[in-house]
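The values are calculated or read from the model by the stated rules, or taken from the named source; none is laboratory data. Note that the structure is a prediction, hence the values are computed from the model and not measured. Cβ coordinates were reconstructed from backbone atoms using ideal geometry, including for glycine residues, and neighbour counts include every protein chain displayed. What goes into the accessible areas is simple: the full protein's heavy atoms, side chains included, and nothing from ligands, DNA or RNA. Shrake-Rupley method; radii C 1.70, N 1.55, O 1.52, S 1.80 Å.
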Amino acid sequence: MSRIEAPRSEDAVVTGDLTGRLLAGLPAEAVLTDPGVTASYSHDMASFCPAGAPAVVVLPRTVEQVQHVMRVATELRVPVVPQGARSGLSGAANATDGCIVLSLTKMDRILEISPVDRIAVVEPGVINATLSHAVEEHGLYYPPDPSSWEMCTIGGNIGTGSGGLCCVKYGVTAEYVLGLDVVLADGRLMSTGRRTAKGVAGYDLTRLFVGSEGSLGIVVRAVLALRPKPPQQLVLAAEFPSATAACAAVCRIMEGGHVPSLLELMDRTTVKAVNDLAHMGLPETTEALLLAAFDTPHPAADLAAVGELCEAAGATQVVPADDAAESELLLQARRLSLTALEAVKGTTMIDDVCVPRSRLGAMLEGVERIAAKYGLTIGVCAHAGDGNTHPTVCFDAQDADESRRARESFDEIMALGLELGGTITGEHGVGVLKKEWLAREIGPVGVEMQRAVKQAFDPLGILNPGKVL
Ligand SMILES: Cc1cc2nc3c(=O)[nH]c(=O)nc-3n(C[C@H](O)[C@H](O)[C@H](O)COP(=O)(O)OP(=O)(O)OC[C@H]3O[C@@H](n4cnc5c(N)ncnc54)[C@H](O)[C@@H]3O)c2cc1C
């Protein structure tokens with residue numbers, strides 16, 4: 001990892017001063033300065049993203065403590081990098097030299113679950129799966145379900161605007177965030193949005209914060225929309241002789257008006273990687289495995305209809321799961337995909353290109369061409385129903401030439417996504433990894449307006465500097 005410059009990081013005198021000031025409003029155990037410990041907070045899970053050395057890591061437990069941190073940071077002009085579980089895949093939570101890492105993981109209380117209002121009110125450090133299990137006990141459902149749901153936090157999900165497996169039916173994080181409490185750069189507390197079913201008072205600042213990657217303020221509380229818990233979903237697995245045929249099936253399913261609760265794709269490389277890692281017995285002769293699920297009252301009938309569409313698109317095998325347990329095993333296999341691909345050569349660069357569903361086939365054919373051109377293994381798993389692909393470049397980081405080819409192919413995949421009318425990131429965010437690509441997607445006027453927004457919220461540029469823009 002190389003280092004990047006922070007707006008201000010003068011010397012140990014400043015660090016000493018900084019620590020002393022922080023300790024005036026935080027308990028000693030919430031302020032970490034041991035370099036061996038602070039270094040472990042320096043980066044998220046993305047490769048090729050520069051990360052600096054934090055001056056200090058703070059672990060507040062209250063809103064007032066977060067306000068104190070931001071007041072000190074503003075006064076001393078020290079950059080602040082908010083962090084959740086650091087499971088991000090774009091370097092958005094990476095430290096800058098001399099920064100305060102503001103870890104929200106200790107603010108992990110579920111404050112309220114209201115079945116009548118169908119909302120949950122939570123602190124940012126709540127783990128996604130913890131919230132999901134807690135609301136289930138009330139017959140409710142919090143849909144956004146990144147594959148990392150057992151480790152990532154709601155604050156991080158809001159920071160990245162994360163998606164997941166069931167988003168094809170239920171939508172992404174942005175659709176579930178109704179209101180926020182945010183500590184601004186200067187320490188003021190702002191409430192946005194609502195806890196009502198409707199509300200259009202003023203600009204939608206809540207939505208602005210979703211996906212802002214910690215660059216506009218610190219989320220300290222969130223009001224989240226919940227849904228009634230749907231029936232248990234049942235999964236079908238279909239094997240295809242090519243990724244193109246699997247993509248054609250996706251198009252037929254969507255065109256046919258079906259509403260699957262999940263429509264995921266794993267290519268041959270991914271299937272093999274998952275088998276190698278977890279011995280799951282997935283079919284390795286298939287070029288692409290499509291998983292479709294329904295959580296309707298009669299999922300078997302829906303699966304039969306979708307199975308026929310898969311066969312019409314060329315599926316060689318269509319196998320509905322026998323029961324919920326077998327369905328869950330298939331989902332586990334899909335959730336393991338990125339971790340399994342990492343084990344192939346030790347390091348991965350994970351693209352997150354989302355294209356219109358109608359272009360999914362062209363996207364996957366292009367990725368195959370790019371893999372052949374650079375002589376690399378690129379496994380693809382995809383939230384196929386959303387057109388959101390994760391072409392994952394597997395490489396040996398010790399091999400300089402392979403690392404260079406990995407970076408180049410990673411970029412070429414983003415260029416292909418833009419050519420096909422897509423976006424460089426469907427759910428992982430821009431961070432530092434895709435910063436140069438943002439302008440290519442949104443253009444100079446878009447960049448100018450985004451900078452104006454950043455300036456309004458963070459005039460001193462201390463909030464997660466060097467990320468997004
Ligand atoms: C194996 C694996 C599978 C994954 N699968 C998916 C997937 O299916 N879908 C998906 O979308 N992502 C996925 N991810 C990526 C990652 O888990 C998500 O981006 C997740 O939302 C990050 O949450 P986190 O708590 O780890 O946040 P972090 O990585 O710590 O932070 C993410 C961003 O949010 C900001 N942030 C964190 N907390 C706050 C706060 N309280 N206030 C303001 N800003 C804040 C940070 O500054 C940073 O910019 C996966 C990652 C892994 C490792």
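Separation of region 288-366 from region 129-183 is 21 Å, based on Cα centroids. If you roll a 1.4 Å probe over region 196-330 with all protein chains in place, what percent of the accessible area is carbon or sulfur? Exposed carbon and sulfur together represent 57 percent of the surface. For the chain, the solvent-accessible area with a 1.4 angstrom probe is 41 square angstrom per residue. Here region 11-105 exposes an accessible surface that is 58 percent carbon and sulfur, computed with a 1.4 Å probe and the other protein chains kept in place. With contacts taken as Cα pairs under 8 Å at a separation of at least 6 residues, the chain carries a relative contact order of 16 percent.
In this view, the solvent-accessible surface of Arg21, computed with a 1.4 Å probe and all protein chains in place, comes to about 80 Å².
Among the listed pairs Lys198/Lys229; Lys169/Lys467; Lys373/Lys434; Lys345/Lys434; Lys106/Lys272; Lys272/Lys373, which are separated by more than 29 Å between their Cα atoms? Pairs exceeding the cut-off: Lys169/Lys467; Lys106/Lys272. Rolled with a 1.4 Å probe across the full set of protein chains, the surface gives Trp149 an accessible area near 40 Å².
Region 55-100 and region 442-469 have Cα centres lying 18 Å from one another.
Length available on full extension from Asp17 to Ala174: 0.36 nm per residue minus the Cα-Cα distance, which gives 52.6 nm. Counting only residues at least eight positions apart within a chain, or on another chain, the aspartates and glutamates with an alpha carbon under 20 Å from that of Lys454 are Glu5, Glu75, Asp181, Asp186, Asp204, Glu213, Glu436, Glu441. For the chain, the longest principal axis of the alpha carbon atoms and the long axis of helix 360-374 meet at an angle near 80°.
Take each peptide in 428-435, 308-315, count the other Cβ atoms within 10 Å of every residue, and average; sorted highest first, the result is 428-435, 308-315.
A probe of 1.4 angstrom, applied to the heavy atoms of all protein chains, finds Met449 with accessible area near 110 square angstrom. Pairwise alpha-carbon distances in region 234-419 exceed 25 Å for 31% of all pairs. Over the chain, dividing the summed -39,500 (n - 2.57) contributions of all DSSP H runs of at least 4 residues by the number of residues returns a 222 nm mean residue ellipticity of -11000 deg cm²/dmol. Once the Cα atoms are used to define both axes, helix 435-457 deviates from the longest principal axis of the chain by about 40 degrees.
Normalised by 2.2 N^0.38 Å, where N is the number of residues, the alpha-carbon radius of gyration of the chain equals 0.98. Relative to the longest principal axis of the Cα atoms of the chain, the long axis of helix 243-255 makes an angle of roughly 90 degrees.
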